[in-house]
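The values are calculated or read from the model by the stated rules, or taken from the named source; none is laboratory data. All values derive from a computational prediction rather than experimental measurement. So basically every Cβ, Gly included, is an ideal-geometry build from the backbone, and we count neighbours across all protein chains shown. Surface accessibility is based on the protein's heavy atoms, side chains included, excluding ligands, DNA and RNA. Shrake-Rupley method; radii C 1.70, N 1.55, O 1.52, S 1.80 Å.
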Amino acid sequence: MSLMSIVINSCSDLVSISPHQDITSLQSFIIDTCEKLSDLSITWLTLPLLEMFLAINCPNLRSFPSLQGAGSHLQNTCEQLSDLLITWLILLLIETFLLINCPNLRSFPSLQGVGSHLLSLGISCGDECPNLKSIPDLRELYSLTHLSIFNCQTLKLTCLPELLACFTSLKSLKISGFCEELDAFPSLRLSSIQHLHTSLETLLLHGWPKVDSLPDEIQHFTAFKHLFILCFDGLEAFPEWLCNLSSIQRLDIWSYVNLMYLPTLQAMKRLTKLESLTTLFCPKLMERCARGSRVEWSKIANISHFTL
């Protein structure tokens, strides 16, 4: 019988992993909560069928093996990871790469050679990532449909990356890490993203305390199904142009400490496809939306699912 999956969980004294048997049929390799693990002596060339590699809560794992020959889903969550050395040219099947909570990461691998297959790329560095100063060159990822660059505060972006112009198939964009010294959120009125107005279905934008308005250009993304905006603390009233998002089905509004007003009742009624509204950590709005007795209640009463 061929070995197809390996799961190593909660082996507190495990220091290294070096398989000695034939694992060429392996499709899934998961390592979870191995606090002392520091070395992965694995030759990925012998794993032509590997689809998922997942390492979670391995705080002493400091380097990632060359992933030659791995398959379509690769994930990593390792707090001490500092070097990510990947030979992508032979990862011809890779579709998803997620890099999560790696605050000591210094460099990101070249992504040359995966443009035609990589569909989803996610980078989330945790609360602190002092050594990652720039976004990798993504211009070859012309097949990308999902891009998430989130919780990487030291990037200190001042505008949306021009490289977004390359993503003609992008359906989901989640981005944060803008410089909090800016007085306003960077403009979305850029040639690099205008081609996404009729294709982008999901957008997540993360503001910061001093921002008191949303980018007006959001209203031009007519294909939106899900809009997730959080931490625009200076905003007191949601703009009327929300009603222009006629395709929107889900709206998430999180962490607006001063938000008190949704768009007018007439504007909210035009959102005929809106099925879900979630407003979390918006204390002033929550008070005004108390069921049946407050001003804002009538604006959300007909929405199928809402969370305050």
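Show me 261-270, 4-13 ranked by packing, highest mean number of other Cβ atoms within 10 Å first.
Values: 261-270: 15.9, 4-13: 11.5.
Peptide ranking by packing, descending: 261-270, 4-13.
So between LYS273 and ASP39, what do we pick up on full extension, going 0.36 nm a residue minus the alpha carbon distance?
On the way: separation 234, 0.36 × 234 = 84.24 nm, distance 5.09 nm.
Value of the extension gain: 79.1 nm.
The accessible area of TRP297, taken with all protein chains in place and a 1.4 Å probe, comes to roughly 50 Å².
Return the carbon/sulfur percentage of the accessible area of the stretch 239-287, one whole number, probe 1.4 Å, all protein chains in place.
Working: 1330 of 2380 Å².
Answer for the stretch 239-287: carbon and sulfur cover 56 percent of the accessible area.
Extension gain for SER246-THR158 works out to 28.7 nm (0.36 nm per residue, less the C-alpha to C-alpha distance).
Using the 1.4 Å probe convention, the accessible area of the stretch 195-308 works out to 46 Å² per residue with neighbouring protein chains retained.
State whether the stretch 167-308 is rounded, prolate or oblate according to the following rule on the C-alpha gyration tensor (a ≥ b ≥ c being the square roots of its eigenvalues): a/c under 1.5 gives rounded; otherwise a/b larger than b/c gives prolate, and the remaining case gives oblate. Mind showing how you got there, number by number?
Values: a/c = 2.08, a/b = 1.30, b/c = 1.60.
The shape class here is oblate.
Among the listed pairs LYS174/LYS269; LYS171/LYS299; LYS36/LYS174; LYS225/LYS269; LYS210/LYS273; LYS174/LYS299, a Cα-Cα separation exceeding 23 Å is found for LYS174/LYS269; LYS171/LYS299; LYS36/LYS174; LYS210/LYS273; LYS174/LYS299.
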